[in-house]
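K.L.:
First, the structure itself, so that you have it in front of you.
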Amino acid sequence: MRRLAVLMAILPIASHFAFAEERSITGRVVDADGRPVANASVATFWRANGPARRPDGTGFDLEDPAQLREFWGNVGEMAPIESAETNGDGTFTASVQPFDRALFAMNHDRTHGCIVEVPRASDAGHPVLLRVVPLVTVVAEFRTSVASVPVDWFHAFVELPWDATNPLGNRRLVSCGSFDRRFEVKLPPGNIQAGRIRHL
């Protein structure tokens, strides 16, 4: 039987409300000393199972059991969905959807990153600054205490904490699926809380 888990990430980001339409955001990714970080990826959502497509750009046939396992393989490999890449001076332009709450940036080696709240529309003229810090690896193992319940596939999300000022905001940051009961993601330092687990 399949199960889905949610981990709540309480991370140091500012609070803003959701905006009304898709728009572009400009910003800059720098390191702790303020130096630009080139070739960093900035996205509103990440997979912890590697890219969702093969290197040649083709997709996976998720009806094929072997390809399904390949799609959910590479547990712990962080890959952005629809990311913006930084230039040599660390600048980027990213498109955000109406309910996106946060931007998650990682350097090319996926060793440093940071999360910032999507700025409100009234601040559109001010570039966003993302200062990356060393990431931590969060590892967990899914278990069941009921011997009669088979454990085959789990799917977990990392979410931002609830924000009453932005109740419609998209809280999900990272997805991780696993056929071997293992969960692994990279995140900036912060408090992680286990959330609900439900049957699918």
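K.L.:
In the set Val29, Val42, which member is under 20 Å from Leu160 (Cα atoms), assigned to a strand (DSSP E or B), under 21 Å from the mean Cα position of the chain (by Cα) and not charged (D, E, K, R)? Walk me through how you get there before you give the answer.
P.N.:
Numbers: Val29 fails: under 20 Å from Leu160 (Cα atoms).
Of Val29, Val42, the one residue that is under 20 Å from Leu160 (Cα atoms), assigned to a strand (DSSP E or B), under 21 Å from the mean Cα position of the chain (by Cα) and not charged (D, E, K, R) is Val42.
K.L.:
Suppose we filter the stretch 158-167 for residues that are within 18 Å of the chain's Cα centre (by Cα) and part of a loop (DSSP other than H, G, I, E, B); how many remain?
P.N.:
Count: 4.
K.L.:
Are any of the residues in the stretch 119-127 under 26 Å from Asn39 (Cα atoms), modelled with pLDDT of 90 or more and touching a His at 6+ places or on another chain (Cβ under 7 Å)?
P.N.:
No: zero hits.
K.L.:
Under the condition of being at pLDDT 90 or above and in contact with a Leu (Cβ under 6 Å, 6 or more places away or on another chain), which residue from the stretch 157-187 is nearest to Pro80 (Cα to Cα)?
P.N.:
My answer is Lys186.
K.L.:
A further question follows. Do we have Leu135 as in contact (Cβ under 8 Å) with a residue 24 or more places away in the chain, buried (at least 19 other Cβ atoms within 10 Å of the Cβ), out of contact with any Asp or Glu (no Cβ under 6 Å at 6 or more places or on another chain) and within 25 Å of Phe179 (Cβ to Cβ) here?
P.N.:
Criteria met by Leu135.
K.L.:
For the stretch 27-53, enumerate the residues that are at pLDDT 95 or above and of a type in the set (A, V, I, L, M, F, W, C).
P.N.:
Val29, Val30, Val37, Ala38, Ala40, Val42, Ala43, Phe45, Trp46, Ala48
The values are calculated or read from the model by the stated rules, or taken from the named source; none is laboratory data. Owing to the predicted nature of the structure, the values given are computational and were not obtained by experimental measurement. Positions of Cβ are generated from backbone atoms using ideal geometry, with glycine treated the same way; all protein chains shown enter the neighbour counts.
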